[in-house]
């Protein structure tokens, strides 16, 4: 069993059944022997991008798809916030930095397509 944390774009690709998601990665995410986490930070990022008009999500469909998957919610804790602030400045996006901090703090493998995250000492599966 490998605990996984989905980057926001990977979450959106999963929920939309997007061909952008690597098929092997999709199989891994759908394998019930793995715990798959979705961070509250990703939901916050989606909400902000939608409010700014950078992303269009039908929220009823989004919540339904999220509930229909085998995803575990990962809240943002004070320890996560502290760790995110202590990370080297390889990446400027605060949401990605939070996901890295959560993965490091909780011993999770981050599933991402963001090449900049390779500079952190976090286990990564490429989406």
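Scanning the range 22-70 for residues that are in contact (Cβ under 8 Å) with a residue 60 or more places away in the chain and within 13 Å of residue 8 (Cβ to Cβ) yields 37, 39, 41. Residue 66 meets the conditions (1) in a loop (DSSP other than H, G, I, E, B); (2) within 12 Å of residue 6 (Cβ to Cβ); (3) modelled with pLDDT under 95 in every case but one. The failed one is (1). Of all residues in the range 106-116, exactly one satisfies the criterion of being in a helix (DSSP H, G or I) and either crowded, with 22+ Cβ neighbours inside 10 Å or at pLDDT 95 or above (or both), namely 106. Every condition in (1) outside any helix (DSSP H, G or I); (2) buried (at least 17 other Cβ atoms within 10 Å of the Cβ); (3) in contact with a strand residue (DSSP E or B) (Cβ under 8 Å, 6 or more places away or on another chain); (4) modelled with pLDDT under 95 is met by residue 2 except one, and the failing one is (2). Scan the range 6-63 for residues that are in a helix (DSSP H, G or I) and surrounded by 14 or more Cβ atoms within 10 Å (Cβ to Cβ) and the total you get is 22. Name the single residue that is surrounded by the fewest Cβ atoms within 10 Å (Cβ to Cβ) among those in the range 69-100 being in contact with a helix residue (DSSP H, G or I) (Cβ under 7 Å, 6 or more places away or on another chain), part of a loop (DSSP other than H, G, I, E, B) and at pLDDT 95 or above. Residue satisfying both the conditions and the ranking: 75. Quick one: what pairs do we get from the range 106-127, first residue without any contact (Cβ under 8 Å) to a residue 40 or more places away in the chain, second buried (at least 17 other Cβ atoms within 10 Å of the Cβ) and part of a loop (DSSP other than H, G, I, E, B), C-beta under 6 Å, 6+ apart or different chains? Correct list of pairs: 116/91.
Do we have residue 103 as over 14 Å from the mean Cα position of the chain (by Cα) and either exposed (fewer than 15 other Cβ atoms within 10 Å of the Cβ) or outside any loop (DSSP other than H, G, I, E, B) (or both) here? When the stated conditions are applied, residue 103 does not pass them.
The values are calculated or read from the model by the stated rules, or taken from the named source; none is laboratory data. The structure presented is a predicted model; accordingly, all values stated were derived computationally and were not measured. All Cβ positions, glycine included, derive from the backbone under ideal geometry; neighbour counts span all protein chains shown.
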